[in-house]
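Step one of this worksheet: look at the structure below.
The values are calculated or read from the model by the stated rules, or taken from the named source; none is laboratory data. No experiment lies behind these values; they were computed from the predicted model shown. Here Cβ is always computed from backbone atoms with ideal geometry, including for glycine, and neighbour counts include all displayed protein chains. Keep in mind that these areas ignore ligands, DNA and RNA; they rest on the heavy atoms of the full protein, side chains included. Shrake-Rupley method; radii C 1.70, N 1.55, O 1.52, S 1.80 Å.
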Amino acid sequence: MEKKDSRLDGLELDVAVIGTGFGGLYALKKARDMMGLNVQAFDDAGDVGGTWYWNRYPGCRVDTECHIYQYSFDHDLMKQWEWSERYPAQPEVLKYFNAVADRHDLRRSINFSTRIIKAEWSDETARWTLTTRDGKQITTQFVIEAVGLLSSTKYPKFEGEETFRGEIHHAARWPHEGIDLNDRKVAVIGTGSTGTQMLVALAPQVGHLNVLQRTPQYVVPLGCGPVSAEHIAAINRDPVAFRNRHLNTAAVFGFDESTVSALEVTPERVNEVYENAWQEGNGFAFMLKTFSDITTDEAANATATDFIRGKIAEIVRDPEVVARLTPHDFYAKRPLATDNYYQTFNRDNVTLVDVRKDPVKRVVETGIELESGRVIDLDVIIYATGFDAITGNYLKIETTGTNGLRLADKWAENPTALLGMMNAGFPNLFMIYGPFSPFTSQPLVHEWQVDWITGAIRETLDRGAQRFEVLLKTELDWVARCNEVAAGSLFSKTDSWINGSNVEGKPRTNYFYMSGMKSYMADVMEFTNDSYRGFSISGSAPDPVNSRNSDVGEQSATARRATGS
Ligand code: N01
């Protein structure tokens, strides 16, 4: 589904939404239908879904339970929608997005295949000018960027790619028509969430699968299966209570986090708890529901790593492969959960290649040459090499705020932001799940942030003001608090996208609020309920936006307010 609007140039809006994944679609719905504003959304993709539009690789599925991984604003949809599995596969998640877009008639306000490459603030007009890749310009009072935490794809730089006679693909840009991998010689480079899911799905299909692993990770079973009747009943009884109950946890993964230290109980009990969690599945539960201190205490962390290492040795038959698959760092990256992961390495058609020991030298005509001179013969190379996470997609939009401040300069060394939603020096520009957001699952938190953002817009308009912005001191205090908490977390001591260490040249620092969603909501509401303490809401009301907006079928909200309709 593509919609192109030749009359985009010169469009004037109340709110522009960039991105149509979970956050963007709800922002559009809320601002357009619930607040009556003049809104248009833009997405580089050909249709809705965000990350689920792009990631179509074999084995791709959500690893948060389906009832947490959905919207809560549409109570009827929540009750009616029947997920077929506890952890739905990508096509089902995309089907859900399509159903949401259809139910709420969202596509009429979206320009697909439209990439915003530039955003410039004018102090004179108190408006943003957005520029599309093909040079069209849109002006808007507010911008909501819903550009995704993990969507700026990271490609490795291997020399000789152009000489390869086969195909090269990135998992996050999987061709819509699919790739014929039957009986072919395939390499998957990378063993994060993407690589681990994909290699299990590919192994039974391909001729030979070479897994090029640089750093082994701890992987627990996912526990795919039918949806629990208990969950369905809980939602049907009261969708609002269901949502609020889960928002009031730390990580919003659909369970209460443990309050018991792994160091307080006997080793037998530790083992029993981990064994139950292993049988139950879900990587987040294994990390967060078993014991309270796995991510903060090295000794507690070791109880988890010892258990998983034991499982690897138990499942994998070849001791050399066991050694290669066994991680030695903390269990403190984004946890991985995939059924049959370690079992896959017992297959005759799967080879685990340690590219830490023998790195990729270059791509050659027939495959990949390693530093040792060994050439792996291949038909298809697949990069599962991850993303320039958190800040990556924001920085792809050349953004200039007050007094010519460039976002790229502001974030060059020590990225700062407030609440994951605002950025000092960039008035009226909101982010959904931007830097210094709580470290949680996504959809319910996106909704909560959209509600806050649209509340801030409402407040600005109701006061007859033009600008809503955060004061720099508020932002720096927030970041200092976030950093203090993160310093006590093992996530900051373990290399991964969570702290930026997966991208060369990117600041290795903290990017999250690690105190949990419950406490985040209380902190944010403390600012808000104190008349937006720490923010500035200023300027007199702008003129009504003009009638050119009619070409996207929206009535100017300013005009609506003026007439009281
Ligand atoms: O990316 P990653 P991902 N040569 O960064 C390796 C979400 N997600 O796409 O660790 C060789 O985790 C790299 O090795 P190393 C989820 O939040 C969710 O897998 O840097 N290898 C690593 O093994 C997830 O955390 C879902 O040494 C190279 C891998 O590539 C996030 O997205 C599904 C390399 C990258 O792992 C990112 O996951 C998929 C090189 N030059 C994704 N460069 C679900 O909901 C990188 N690597 C289930």
So, in Å, what gap is there between the alpha-carbon centers of the stretch 443-469 and the stretch 103-123? 18 Å
Of the heavy-atom accessible surface of the stretch 445-546 (probe 1.4 angstrom), what whole percent is carbon and sulfur? 52 percent
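Report relative contact order for the chain in percent, whole number only (criteria: Cα-Cα under 8 Å, sequence separation at least 6). Walk me through the numbers before you get to the answer.
Working: 1152 pairs, mean separation 113.2, N = 565.
Taking the mean separation of contacting Cα pairs over the length of the chain, I get 20 percent.
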Under 5 Å from the placed amide H of R61, counting only residues 5+ away or on other chains, we find Q90
Can you list which of the trypsin sites (Lys or Arg not before Pro) found in the stretch 303-341 are DSSP loop residues with at most 14 other C-beta atoms within 10 Å? R317
To check you understand DSSP bridge types, tell me what percent of the beta bridges within the stretch 219-383 (both residues inside) are antiparallel, rounded to 5. 80 percent
Can you pick out the pairs among K185/K333; K29/K289; K95/K154; K79/K136; K311/K357 whose Cα atoms lie more than 32 Å from each other? K29/K289; K79/K136
Have a look at G59, A31, W121 and report the one farthest towards the positive end of the charge dipole of the stretch 28-163, computed about the Cα centre with Cβ charges (Lys/Arg +1, Asp/Glu -1). A31
Round to a whole angstrom and tell me the spacing of the C-alpha centers of the stretch 403-439 and the stretch 53-80. 28 Å
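Could you tell me the relative contact order of the stretch 219-383? Use alpha-carbon pairs under 8 Å, at least six residues apart, and round to a whole percent. It would help to have the intermediate numbers written out before the result.
Numbers: 188 pairs, mean separation 36.3, N = 165.
Once normalised by length, the contact order is 22 percent.
Treating only the Cβ atoms of Lys and Arg (+1) and Asp and Glu (-1) as charged, compute the dipole magnitude of the stretch 219-383 about its Cα centre; round to the nearest 20 debye.
Values: 17 positive and 26 negative charges, 79 e Å.
Charge dipole, the stretch 219-383, about its Cα centre: 380 debye, nearest 20.
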Using +1 at the Cβ of each Lys and Arg and -1 at the Cβ of each Asp and Glu in the stretch 433-541, identify which of W452, G505, V479 lies farthest towards the dipole's positive end. G505
Whole-angstrom gap from the stretch 251-271 to the stretch 372-387, using each part's C-alpha centre: 39 Å
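Given a 1.4 angstrom probe, I'd like the percentage of the accessible area of the stretch 30-71 that is carbon and sulfur, rounded to a whole number.
On the way: 390 of 880 Å².
The value for the stretch 30-71 is 44 percent carbon and sulfur by accessible area.
Determine the percent antiparallel among the DSSP beta bridges restricted to the chain, to the nearest 5.
Values: 25 of 65 bridges.
For the chain, the DSSP antiparallel bridge percentage is about 40.
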11 Å beta-carbon shell around D495, net charge (K/R +1, D/E -1): +3
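Send over a whole-number figure in Å² for the accessible area per residue of the stretch 244-344, probe 1.4 Å. It would help to have the intermediate numbers written out before the result.
Values: 4450 Å² over 101 residues.
On a per-residue basis, 44 Å².
With +1 on each Lys and Arg Cβ and -1 on each Asp and Glu Cβ, how big is the dipole of the chain about its Cα centre, in debye rounded to the nearest 20? Mind dumping the intermediate values first?
Numbers: 59 positive and 76 negative charges, 153 e Å.
Taking the Cα centre of the chain as origin, the dipole is about 740 debye.
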What number, rounded to the nearest 500 deg cm²/dmol, is the helix-based mean residue ellipticity at 222 nm of the chain, given -39500 (n - 2.57) per DSSP H run of at least four residues and division by all its residues? -9000 deg cm²/dmol
Which percent of the accessible heavy-atom area of the stretch 219-383 goes to carbon and sulfur, probe 1.4 angstrom? 49 percent
Accessible area per residue, Å², the stretch 51-95 with all protein chains present, probe 1.4 Å: 37 Å²
